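*Asks:* The structure under discussion is supplied below as structure tokens; questions concerning it will follow.
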Amino acid sequence: MTPLLALSSGTVAAIVVIVVIDLFAIFFGLSFARSRRAQRQADAAASAAILGEPAPPAPKPVSRREFFRRSLVASVLVFSAEFGGATLAFLWPNLRGGFGSVINAGKLDDILAFINDNDLPFYSGTGRFYIVKYNGKPEGDVDYAAEGVTAEGIMPLYQRCVHLGCRVPFCQQSQWFECPCHGSKYNTAGEYKLGPAPHGLDRFKVTVSETGDVLVDTAEVILGPPRGADTIKDPPSGPFCVAVQ
Ligand code: FES
């Protein structure tokens, strides 16, 4: 990681603010120097008139139109600097390992231990995904996990409901994902089961490094399997958390 990428979003925002303040200081400093120079030239002209000497060339006056034009240009420059800085600060986490980049979810052994011990998928708030155990079988000629969305028996699922985007929690009693907004339900593999969702939960690509780190690429969303896909044949384990609508 380069030193620049090592900066936090707060540091970047502070740098931008300092730059903006500096721009203001330079702008007003130049304006002040110009007015002082004009004042000195006016004083010199008055002295020359008293002594009967030829007057030095008079400073070119700034017209009202020119003043407003310069003010407008300065305002646009300052606004652009602030907007650009704010945008950069907003996007900075994506450059440093936030959602939208490759996220290290942790060691494979730890993730599997969490899933086995708690009967829950592993959840990454930073990456907005769940990791589930997955050993589904292709259906006919179609392998819904062929796009690199599985590795070492695990699969990351995007937390976003594919109906209208609500975050989908996991229901421990049914062992399915159940959306609280309109009741869509997905099995443990994120395959569509019930409700208005048009297909299964979307996925992300995953790899496991030589050191056992689980790396999930959240830059690209892989479309979930279509309705009807059922590679794990896993009915709900108990009552639903969200009533069927
Ligand atoms: S947003 Fe999930 S069912 Fe509508």
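The values are calculated or read from the model by the stated rules, or taken from the named source; none is laboratory data. Nothing here was measured: the structure is a model prediction, and the numbers come from that model. Quick reminder, even Gly has a Cβ in these numbers, built from the backbone with ideal geometry, and neighbours come from all protein chains shown. Ligands, DNA and RNA are stripped out before the accessible areas are found, and what is left, the full protein with its side chains, is counted by its heavy atoms. Shrake-Rupley method; radii C 1.70, N 1.55, O 1.52, S 1.80 Å.
*Asks:* Please give, to one decimal in nm, the separation of the simple spin-label points placed at Q172 and L223, each 7 Å out from Cα toward the Cβ.
*Replies:* Taking the simple label geometry, Q172 and L223 are separated by 3.6 nm.
*Asks:* With labels modelled as points extended 7 Å from the Cα through the Cβ direction, what inter-label distance (nm, one decimal) is found for S80 paired with N118?
*Replies:* 4.9 nm
*Asks:* Something else: Using DSSP, restrict attention to beta bridges with both residues in the stretch 89-245 and report what percent are antiparallel, rounded to the nearest 5.
*Replies:* The antiparallel fraction comes to roughly 95 percent.
*Asks:* From the mean inverse distance of alpha carbon pairs (Kirkwood) and the Cα radius of gyration, derive Rg over Rh for the stretch 70-229.
*Replies:* My calculation puts Rg/Rh at 1.11.
*Asks:* So, one more: Using the crude model of +1 on Lys and Arg Cβ and -1 on Asp and Glu Cβ, and no other charge, please compute the dipole size for the stretch 145-245 relative to its Cα centre, in debye to 20.
*Replies:* Numbers: 8 positive and 11 negative charges, 100 e Å.
The dipole magnitude comes to about 480 debye.
*Asks:* Hey, how much of the P(r) for the stretch 139-245 falls beyond 17 Å, as a percent of Cα pairs?
*Replies:* Value for the stretch 139-245 (Cα pairs over 17 Å): 52 percent.
*Asks:* Same structure again: With all protein chains present, how much of the accessible area of the stretch 80-234 (probe radius 1.4 Å) comes from carbon and sulfur, to the nearest whole percent?
*Replies:* Its accessible area is 53 percent carbon and sulfur atoms.
*Asks:* In the stretch 96-141, with Lys and Arg counted as +1 and Asp and Glu as -1 at Cβ, which of these residues, P138, A113, G125, has the Cα nearest the positive end of the dipole, that is, farthest along it?
*Replies:* Sorting the options by dipole projection puts first G125.
*Asks:* For E152 and K233, calculate 0.36 nm times their separation in residues minus their Cα-Cα distance, and state this gained length in nm to one decimal.
*Replies:* Length difference between fully extended and current span is 27.1 nm.
*Asks:* Can you tell me which of 180-187, 160-167 comes out highest on packing, and rank the rest after it, using the mean Cβ neighbours within 10 Å?
*Replies:* 180-187, 160-167
*Asks:* If R₀ is 45 angstrom, what is the calculated FRET efficiency for the pair S101 and A45, using the beta carbon separation as r and rounding to 0.05?
*Replies:* Working: r = 64 Å, r/R0 = 1.43.
Computed FRET efficiency for S101 and A45 comes out at 0.10.
*Asks:* While we're on this one: Among the lysines, which fall within straight-line cross-link reach of K107, defined as a Cα-Cα distance under 21 Å, with same-chain neighbours fewer than 8 residues apart omitted?
*Replies:* Answer for K107, where 21 Å is the Cα cut-off: K133, K205, listed by chain and number.
*Asks:* Across the stretch 169-183, in residue order, what do the Karplus-derived ³J(HN,Hα) couplings come to in whole Hz, using 6.51 cos²θ - 1.76 cosθ + 1.60 with θ = phi - 60° and x for Gly and Pro?
*Replies:* x, 9, 8, 5, 6, 8, 6, 10, 7, 10, 7, x, 6, 9, x
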